[in-house]
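Chemist: I have a structure I would like to understand better, so I am pasting it below and will then ask my questions one at a time.
The values are calculated or read from the model by the stated rules, or taken from the named source; none is laboratory data. Fair warning: this is a prediction, and the values are worked out from it, not measured in the lab. Glycine gets a Cβ as well: all are built from the backbone with ideal geometry, and neighbour counts include every protein chain shown.
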Amino acid sequence: MKKMLCLVLTLLLALLSFAALAEEAPRPILIGGAMDLETADMMQALEDAQTQVINGYTYVSGKLDGYPVVVVKTQVGMVNAAASTTTGIMTFNPIAVINQGTAGGHDEALHKGDIVIGATTVNINAFKSDWSDKGAGIDPTKWIWMTTEVLQDGEVKEVSSLSSDPALVEIAKSVPYAKGTLVEGVIGSGDVWNKELDRIGLIHSQFNTSCEEMETFAVAQVCAYTGTPFLGIRILSNNELHQESFDPQTGADCQAYVLDVARAMIKSY
């Protein structure tokens, strides 16, 4: 009986010790990208990597410089980005979320290979129109921008944009990038791919967008609801304003920079 009691006490102490260690374990950084060309290099860079498919989305967890990092292939589009990020936050409880990848340019000052640190992100897909008779035609210049309901400071508010965490923006700005210009700007998001120069110009004039892509705003919205620090980063893979066509190498260049940003974040924790 005494041996059995000692064994039980030993097991209880071991469980308590394990629980204490688990509580002290650092929370991971969650990094998302929509496609293989935006995530494969980061997944391969992780040590002791393990792959999980949860709700249809692929998560690779491992360590970067000894710190836990999870890379998720979000798949393309706002709904996919929101669903995969929500699943990632609920599963891994990250200390911060980075959404990154390729984007099309909206600013004539930027070129293919330049990186935009998204101080803010806007939904460029949320519009309504006033009444117009049948046959009167369509005029996107008269479309009215709609705000988005987001939880902020414990209340659901109508917002026109969402911000990245200021501390994370400063960390990203401090990381060198040699393959192009590094700027702080506005990332436009929506389930759209605009190649009409007048349409791009109209959006840029309305929102001061640096670039457009299809995930960042949705991820920022999920992070706002869950209180998770967020950072958006996008590299220009093309810029129709300069007739610069899509270059898949930019996906790899962005991943290399984002890994350096993650390393800088790790040093701050």
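Matching residues to (1) assigned to a loop (DSSP other than H, G, I, E, B); (2) under 18 Å from the mean Cα position of the chain (by Cα):
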residue	(1), (2)
58	no, yes
72	no, yes
76	yes, yes
81	no, yes
100	no, yes
103	no, yes
121	no, yes
149	no, no
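Chemist: Still on this model: Just name the residue that is surrounded by the fewest Cβ atoms within 10 Å (Cβ to Cβ) out of those in region 144-179 that are modelled with pLDDT of 95 or more and closer than 19 Å to residue 122 by Cα.
Modeler: Looking at residues that are modelled with pLDDT of 95 or more and closer than 19 Å to residue 122 by Cα, I get 166.
Chemist: Scan 66, 118, 56, 62 and give me the residue that is closer than 20 Å to residue 225 by Cα and of a type in the set (Gly, Ala, Ser).
Modeler: From the options 66, 118, 56, 62, the qualifying one is 118.
Chemist: Return the only residue of 156, 192, 169, 175 being more than 23 Å from residue 244 (Cβ to Cβ) and in a loop (DSSP other than H, G, I, E, B).
Modeler: 175
Chemist: Next up: If I go through region 242-269 residue by residue, how many of them are within 15 Å of residue 165 (Cα to Cα) and buried (at least 20 other Cβ atoms within 10 Å of the Cβ)?
Modeler: Residues flagged as within 15 Å of residue 165 (Cα to Cα) and buried (at least 20 other Cβ atoms within 10 Å of the Cβ) within region 242-269 amount to 3.
Chemist: Another question, then. If you go through region 42-60 one residue at a time, how many are within 21 Å of residue 268 (Cβ to Cβ) and surrounded by 14 or more Cβ atoms within 10 Å (Cβ to Cβ)?
Modeler: Qualifying residue count for the region: 3.
Chemist: Out of everything in region 225-241 that is touching a helix residue (DSSP H, G or I) at 6+ places or on another chain (Cβ under 7 Å) and among the hydroxyl-bearing types (Ser, Thr, Tyr), what residue ends up being surrounded by the fewest Cβ atoms within 10 Å (Cβ to Cβ)?
Modeler: 226
Chemist: Kindly indicate whether residue 14 is farther than 20 Å from residue 269 by Cβ and either modelled with pLDDT under 95 or not in a helix (DSSP H, G or I) (or both).
Modeler: yes
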